[in-house]
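Bear in mind that the values in this text are calculations on the coordinates, not laboratory data. Given the structure is predicted, the values throughout are model-derived calculations rather than measurements. Here the Cβ is made from the backbone with ideal geometry for all residues, glycine too, and neighbour counts use every protein chain on show.
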């Protein structure tokens, strides 16, 4: 009898652990990623196409464009950056700087339908930076959210 109780206990423990593991990873519309801490580096970041915006320099936003400039179907999606860190974070959409989010703040930009890439960078005075992403998903009249934390990030499409 003692042997049967031990076998049942081990079996229930294994079943419980496997159920808990599968229940935590059941999200089909969201995910998470590792935060990459990059030290001082040389060269340009390959994920950034336009790193600064100044009025009058002829740059246009790649987030929402008129049809004659190659829009992918209007401003049907919203790109949302949700900052849960104490850092100022630069926000890039498809490699183009679209603004920054203050510490513990959030910000959104309307984007055209289609595959959209979100990327965020916090730069520090010592030359190092923390990056989140890039993460690319197909967005069609949805909200594509990048949720930033100190050591990881989550993404959602809803």
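Working ranking of peptides 82-88, 117-123 by packing, defined as the average number of other Cβ atoms within 10 Å per residue, highest first, is 117-123, 82-88. With all pairs of separate Cα atoms included, the range 69-158 yields a Kirkwood hydrodynamic radius of 13.1 Å.
Report the relative contact order of the range 79-158, percent, no decimals, based on alpha-carbon pairs under 8 angstrom and at least 6 residues apart.
On the way: 180 pairs, mean separation 25.1, N = 80.
Taking the mean separation of contacting Cα pairs over the length of the range 79-158, I get 31 percent.
Here's the picture: a label point sits 7 Å out from the Cα of residue 140 along the beta-carbon direction, and within the range 102-117 the residues with their amide nitrogen under 13 Å of it are 113-115. Projecting label points 7 angstrom from Cα along Cα→Cβ for residue 158 and residue 84 puts them 1.3 nm apart. Packing, taken as the mean count of other beta carbons within 10 Å per residue, orders the peptides 104-112, 124-132 from highest to lowest as 104-112, 124-132. Here the extension length gained between residue 115 and residue 151 equals 10.4 nm, from 0.36 nm per residue of separation less the Cα-Cα distance.
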